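Report on the structure given below.
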Amino acid sequence: MFEFSFTIAADYDVINDLAKQLGTNAEDDVLMLPAKYGSGYLRKEKLPNKLQAFIYNFSLADDFWFNRAKGQKEYYAFICEQVAHPGKLITVIDANRVEDKGPEVSHMYLLSFLSDLRQFTPSGSHLKGIRVMISPEWIAAHLRIDRMEDILARYLQLKAETVHLKEMDKESRQLLQELMNPPVELHTDVHAYLQNRVMLILENFFGWLYQHMGEKKRKGISKEDINRMIEVERKLLADLSIAPSLDELARDAAVSVTKMKTLFGLVYGLPPYAYFQQHRMLRAKEILLQTDLPVQQIGAQLGYKNMSNFILAFRKVFHINPGELRSKGASRRKTGENLPN
Amino acid sequence: MFHLEIDQADFHSLIKDLAAKFGTVLDQNTLQIPAYLGKGSIRALRLPNGLSVAVSNIAMDTDITLHRKQKEPAFYILGFDEIFIRTKMEQVIGGDAASLRPPVYSAAALHSTMFDSTMIATRGCVMKSVKIIFDTRWLAKYFGVEREDELLMKYIALKSKKLTLEPLDVDYKKYINDILDTDPGDPIYYTIIENRVMMLMERFLNRIMEKMEEYDLPHLQTADVFKMMEVESELTKEHLSALPTVEALSEKFGMSPTRLKKLFRDVYGYPIYEYFQRHRLEKARSLLLSGTYSVKEVGYEMGYRSLSNFAKAFRQMFDYLPSDIIKTRKYEG
């Protein structure tokens with residue numbers, strides 16, 4: 001078990017401090033996880049619009065406690081991440097404790113520096129996401145929302161209630177994917193590319209926040225229903241080679257098929273099957289870019305008996321054939337321009 | 001004929017001066033075009049990241065000449081313009097004149113105030129545009145493009161329209177329409193505009209620098225690019241119930257079907273039918289998102305005779321059904 005404890009502040013140098021505690025060095029604000037603790041990276045990016053973002057993609061080989069003691073000054077951390085975890089994930093915000101049994105969460109939320117945060121992530125977890133540090137002044141200047149303060153206060157009061165998490169939708173997942181893999185052929189500074197996508201993710205979140213917190217009273221979707229849908233989503237994506245039947249999913253969640261479709265759309269923004277298909281193709285892209293498996297085999301792995309159906313489905317999502325996408329990815333590897341992975 | 005001299009380095013000052021000249025008052029940074037000149041408005045925005053942006057939607061009722069004198073220190077003006085031209089329109093940049101012919105000009109272009117520029121628009125021009133002012137320091141800070149950047153300088157100095165024309169395709173238009181259509185009362189209006197302006201700039205800068213690097217459009221003549229703009233506007237015009245056949249288009253534009261298909265693909269990146277399909281479905285999506293129309297209305301408006309074909313095509317592109325948008329809207333109230 002590794003325990004990382006610190007007190008949060010706007011100028012706190014998390015990368016170098018964490019590197020020291022892990023017994024390693026971070027060069028140029030990039031921390032590579034030592035093999036003893038896992039593999040992957042955590043890096044800091046200063047964006048042109050003065051936001052500070054942490055981008056990470058790593059696997060843990062040990063249980064990890066992240067203990068962030070509250071700071072002195074109001075400041076915010078925005079988190080947007082996908083965590084695949086084989087065991088229990090525990091989040092404690094002040095006195096509120098939430099557990100997630102897994103196997104995956106993918107969500108965004110905002111945390112105040114004035115709260116204590118403790119997070120337990122079990123060994124074998126894979127984390128991929130961004131954290132953005134945002135000052136109240138930045139929110140005032142950039143979001144220009146008069147009523148934002150009130151809305152933020154109401155949001156932060158919700159604390160660990162499930163409902164304060166926004167499930168990532170198709171667009172934000174796509175943006176996170178783009179953030180992790182900037183194109184090779186970029187002519188402009190990669191920081192601009194990162195900033196534009198971070199900003200679109202923030203827009204997605206703050207637009208949602210405003211809509212939900214700004215309403216006089218929240219519409220009737222209960223915490224139980226959200227938890228049910230989180231369960232449905234898990235089952236839906238458990239095996240990307242075959243879509244479970246809607247009847248089965250609805251039965252397990254103890255709701256009617258119609259109600260499930262409605263609720264699922266509410267929480268995830270897409271009907272279940274479309275959502276499944278979207279993730280299936282994102283997975284295909286990942287395998288394509290990270291392995292040398294032949295396209296046909298990737299299709300087969302994802303349940304396509306017919307290669308041309310697979311290619312068609314892939315094109316629908318990415319507007320490019322799997323083979324073409326791979327050759328683009330390969331030229332990136334050759335020039336060595338890709339980011340540490 | 002109306003003549004205007006401009007030299008303002010940001011759009012706020014520009015519309016303020018214009019308002020004084022026209023004897024009107026600005027309302028929420030928006031200038032209404034006086035009736036003797038035409039109809040429409042120009043909205044000036046100062047984005048949180050320091051960009052000055054003008055969003056215009058104007059129909060001209062008179063001939064107008066806009067003259068911008070060379071100015072130091074120089075700054076850039078990046079324009080995304082969709083202009084329907086009735087008789088003619090002319091641009092003169094650094095003494096180099098280009099005549100834009102009817103019926104349509106729909107492209108992005110970057111100018112520097114290092115050069116004098118004149119725009120002559122004639123009566124009947126209808127213009128939707130997003131213009132952005134920035135300087136080299138801003139460009140270096142936000143996009144890492146330095147003042148000395150060779151590719152960009154080459155682009156600015158280029159007299160050949162062939163390389164500087166960047167036709168607006170569905171992807172550009174999506175952002176432009178979002179900018180034109182977003183309600184200024186939206187609580188995160190500035191964020192929405194800024195994010196789309198930045199995406200437009202990112203795409204534009206990368207594409208022109210790629211072009212400058214490759215110089216690989218030997219067979220594309222300026223006249224051909226203009227012709228393709230016409231074809232594109234033919235494909236994307238309102239109330240189009242069916243796609244004109246390639247034969248009809250090739251007859252209309254005086255070239256062989258093979259050549260037409262090839263040129264279109266070279267300029268817009270997609271085969272004609274696929275492009276038409278993307279446009280029409282994007283349009284359908286935005287109509288549905290507006291919340292004013294039913295799936296049925298939108299499907300028929302987009303020229304589908306069968307709603308199930310519409311739903312199928314829609315799902316193919318977006319991975320969800322048209323009705324899902326309506327449902328989602330309902331949930332979110």
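Every number in this text was worked out from the coordinates using simple rules, so none of it is lab data. Here the structure is a predicted model, which means the values were calculated and not measured. For neighbour counting, all protein chains shown are included, and Cβ atoms are generated from backbone atoms with ideal geometry for every residue, glycine included.
One table, with the values for the structure above:
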item: Long-range HN-HN contacts of B:Phe2 with modeled amide H, under 5 Å; result: B:Asp63, B:Ile64, B:Thr65
item: Magnitude of the charge dipole, chain A, Cβ model with Lys/Arg +1 and Asp/Glu -1, debye to 20; result: 760
item: GNM top mover of A:Tyr109, A:Tyr12, A:Tyr41 - chain A, alpha-carbon springs below 10 Å; result: A:Tyr12
item: Pairwise label distance in nanometres, A:Gln211 with B:Lys69, each label 7 Å out on the Cα-Cβ vector; result: 5.0
item: Karplus-derived HN-Hα couplings along segment A:44-56 (A = 6.51, B = -1.76, C = 1.60, θ = phi - 60°), whole Hz, x at Gly and Pro; result: 9, 10, 8, 8, x, 8, 6, 7, 10, 10, 10, 10, 9
item: Normalised convex hull volume, segment B:21-88, alpha-carbon set, Å³ per residue; result: 136
item: Amide hydrogen neighbours beyond the local backbone of B:Phe75, cut-off 5 Å, H modeled; result: B:Thr113, B:Met114
item: Equivalent ellipsoid semi-axes - Cα gyration tensor, chain A, angstrom; result: 31, 27, 20
item: Cut-off under 5 Å, modelled amide H: who pairs with A:Asp62 long-range; result: A:Gly124
item: Choice from A:Ser115, A:Ser241, A:Ser125 with maximal GNM fluctuation in chain A (Cα, 10 Å cutoff); result: A:Ser241
item: Footprinting exposure proxy for A:Thr121, B:Thr24, B:Thr122 (fewest neighbouring C-beta atoms within 10 Å first); result: B:Thr24, B:Thr122, A:Thr121
item: Given B:Lys71/B:Lys154; A:Lys285/B:Lys227; A:Lys101/A:Lys128, the pairs whose alpha carbons are separated by over 28 Å; result: A:Lys285/B:Lys227
item: In degrees, nearest ten, helix B:307-318 long axis to first principal axis of chain B (Cα); result: 50
item: Rounded to whole Hz, the Karplus (6.51, -1.76, 1.60) HN-Hα couplings of segment B:32-39, x for glycine and proline; result: 8, 6, x, 4, 6, 9, x, 10
item: Too-long pairs where the Cα-Cα distance tops 28 Å, listed order kept, from B:Lys237/B:Lys296; A:Lys166/B:Lys131; B:Lys69/B:Lys128; result: A:Lys166/B:Lys131
item: Average beta-carbon neighbours from other chains, 10 Å sphere, peptide A:182-189; result: 6
item: Phi-based couplings in Hz for segment B:288-298 (Karplus 6.51, -1.76, 1.60; Gly and Pro marked x); result: 5, 5, 5, x, 8, 10, 8, 4, 4, 4, 5
item: Helical segments meeting 18 Å axial Cα length and Kyte-Doolittle -1.0 threshold in chain A (DSSP H); result: A:190-214, A:223-238, A:272-290
item: Dipole-positive endmost among B:Tyr268, B:Leu152, B:Asn206 within chain B (Cβ charges, Cα centre); result: B:Tyr268
item: Mean projection area, nm², convex hull over Cα of the protein assembly as shown; result: 31.1
